[in-house]
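What follows is a set of notes on a single structure, which appears directly below.
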Number of protein chains: 2
Amino acid sequence: MSGAEERRGPGSLAHRVPDLGALELLLAVARTGSLGAAARERGVSQPAASSRIRSMERQLGVALVDRSPRGSRLTDAGALVTDWARRIVEAAEAFDAGAQALRDRRDSRLRVAASMTIAEYLLPGWLLALRAGRPDTAVSLLAGNSTAVAERLLADEADLGFVEGLTVPAGLDSAVIAQDHLIVVTAPGHPWARRRGPLAAAELATTPLILRERGSGTRQVLDAALGGLARPLIELSSTTAVKASAVSGAGPAVLSELAVREELGLRRLVRIPVRDMSLGRDLRAVWRTGHRPTGPARELLSLTRG
Amino acid sequence: MSGAEERRGPGSLAHRVPDLGALELLLAVARTGSLGAAARERGVSQPAASSRIRSMERQLGVALVDRSPRGSRLTDAGALVTDWARRIVEAAEAFDAGAQALRDRRDSRLRVAASMTIAEYLLPGWLLALRAGRPDTAVSLLAGNSTAVAERLLADEADLGFVEGLTVPAGLDSAVIAQDHLIVVTAPGHPWARRRGPLAAAELATTPLILRERGSGTRQVLDAALGGLARPLIELSSTTAVKASAVSGAGPAVLSELAVREELGLRRLVRIPVRDMSLGRDLRAVWRTGHRPTGPARELLSLTRG
DNA sequence: TGAGGGCATAAGCTGGTCTTATGAGTGGAG
DNA sequence: CTCCACTCATAAGACCAGCTTATGCCCTCA
């Protein structure tokens, strides 16, 4: 673990970033153009909204809204802050959708079983979209590996499943909903990040890599593509640990592009193109043979395809 | 027990999602494998951590950690929740990096001026990366349109600028750091989302679209590509408003792909391919002619290129 | 069997956020 | 010209969530 951040001082993120309630309020102010209207929309009193926005401005050290007797408009800085805030709120909405599905284990109208990677990176978004279209659909989520997903479906304890393996478990029908690609990534400072041409597969096979443990889906795909030759530099048991290790510069890692999309955007990791090798795998929706998804399950399924 | 909050639609994210401090604590527990160690890392007492995690579990209705006399491990659900939480914390880190740059207007080691789109979508990530490499660099940010950026640079009130126009303001040198593409998007329910082939440019020109106002950079590029023919269905003055309108299904919109990356991932919007038309524009770093970026500015510049 | 790490409970303090009640400025309608 | 409707700000008190310190129980290991 590369940690090594931990700046002491009067506090961390939570003290420098306004809490969710304040951010939501700010978005409401941006939308309505008035503190009072925003307060009404959020169900609090006008003085509460006024004071909350003011203390947020004090906390950030920046004026966010221009108050006038006929309304409030965002300042330039306020518009920027509002956009950044929206990012946080959206992440919180995805969290909420996921957490709610996790809580309602039983007696839901739609019971979903999904593999970890899909549950981590894709499902919250789908659940948000589903909630937008059908606000009253209670969804329950169970996360596990492919065999666990299959068991649930076959025992009729789940209506729809999502798996990412190379094969479809017996007794299930499936539809490919997307392709996932394993990609090679390094920290931006790594020599490979400055290469000109793409990496040859042979070179990848002879370089020690940060990898998931043997037996993991990711590792299986990689080993198959390389012919069982992958040389581990370190073996770690979670995607997150592999990412953290790669970000800290320990070496090149091989990960699902779903898992590193964020890090690539932030340039914490850099993608290294590879020639002569295809590291794709299908992401599939699955259901009991003969039990085509209907109702909410069908709805969710249709959301997962472009 | 509060029951009235439950039925309000958009009402209460903040009550259903743990606050940032709790989420950070959860990440620390995941990292360290112990409540006490996590408490130490976050600078609070062990009972505080214990109670906070417990109340988070109560709030979410899910057990997150398995406590044992020799440490605490995440449950399966806890691992999932932790990953979703990490998304929120990362958004908060970007917010913090941006807000800090916004606050330190003067006397910073690195003064950046950037156009709105870049400041909104790209800069926070760059600032995070810069902070990772050079923790002590104080950065100040000023957001405005291309001419404002140019003014700041020419008045030596900024060290490095970022613009997205079609042309480079006089007196400035530039380097292209990325390409931005305008894309056509609709809500998933729109008829265009079910088209088979790509859209013809002519069809785009004759369909009323949700657009930014005339004079905006986005609109200029679109009008140029269509030959001034774009027909507005509505004209709105912010990217956010256009997005919201398109998401709600009002019609097709044309937006920077930077602006809708999130929405495409969540399937709130769908990209409609278009033939016979290129809607690209360069994103450029700019600086005063003859004043090549050095020091922190050079560092930041190098981060912006893959 | 004692030491030490790990977690839980109890009691009291503090701070932030809410509420209601009120004041003060602006602009349009009668 | 006055009244009213709307905006936001201020003040005083209630309340709750989180923190701390002090303590106890459980388990493992030497």
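Values in this text are rule-based calculations from the coordinates and carry no lab data. Computed from a prediction, not measured in an experiment: that's the story for all the values here. Note: ideal-geometry Cβ built from the backbone for every residue, glycine included; neighbour counts use all protein chains shown.
List of remarks:
- Chain B shape via C-alpha gyration tensor axes, a/c threshold 1.5: oblate
- Two-site label geometry, A:Arg292 and B:Glu235: point separation in nm, points 7 Å out along Cα→Cβ: 4.9
- Label point 7 Å beyond Cα along the C-beta direction, distances from B:Arg103 to other copies (nm, shortest first): 3.3
- Cβ-placed point charges (K, R +1; D, E -1), dipole of chain A about Cα centre in debye, nearest 20: 740
- Per-residue [θ]222 nm for the protein assembly as shown (sum of -39500 (n - 2.57) over DSSP H runs n ≥ 4, rounded to 500): -13500 deg cm²/dmol
- Separation in nanometres of the label points that stand 7 Å from Cα toward Cβ, at A:Ser50 and B:Ala63: 5.0
- Residues in segment B:177-193 carry Karplus couplings, in order, of 10, 6, 10, 10, 10, 6, 10, 8, 10, 9, 5, x, x, 5, x, 4, 5 Hz; the curve used is 6.51 cos²θ - 1.76 cosθ + 1.60 with θ = phi - 60°, and Gly or Pro positions show x.
- Highest mean packing comes first when the peptides B:70-83, B:187-200 are listed by Cβ atoms within 10 Å, giving B:70-83, B:187-200.
- Using θ = phi - 60° and Karplus 6.51 cos²θ - 1.76 cosθ + 1.60, couplings along segment A:12-26 (whole Hz; Gly, Pro as x): 9, 2, 4, 8, 9, 10, x, 7, 4, x, 5, 5, 4, 4, 4
- Signed unit charges on C-beta, dipole axis of chain B, positive-most listed residue B:Phe95, B:Leu154, B:Ala77: B:Ala77
- With the label put 7 angstrom out from Cα along the Cα-to-Cβ vector, A:Gly228 ends up 7.0 nm from the copy partners, going from closest to farthest.
- Gyration tensor (alpha-carbon) shape descriptor, segment B:3-105, a/c threshold 1.5: oblate
- For B:Arg298, label point 7 Å along C-beta direction: distances to other copies, nm: 6.4
- The angle separating the long axis of helix B:46-60 from the principal Cα axis of greatest extent in chain B is about 60 degrees.
- Along segment A:252-264 the Karplus relation, 6.51 cos²θ - 1.76 cosθ + 1.60 evaluated at θ = phi - 60°, assigns HN-Hα couplings of x, 10, 10, 9, 5, 5, 4, 6, 10, 3, 4, 5, 5 Hz to successive residues, with x for each Gly and Pro.
- Under a 5 Å amide H cut-off, with hydrogens placed 1.01 Å from N, A:Leu142 pairs with A:Val112, A:Ala113, A:Ala114 among residues at least 5 apart or on other chains.
- Cα-based radius of gyration of segment A:108-173 once divided by 2.2 N^0.38 Å, which approximates compact folds: 1.10
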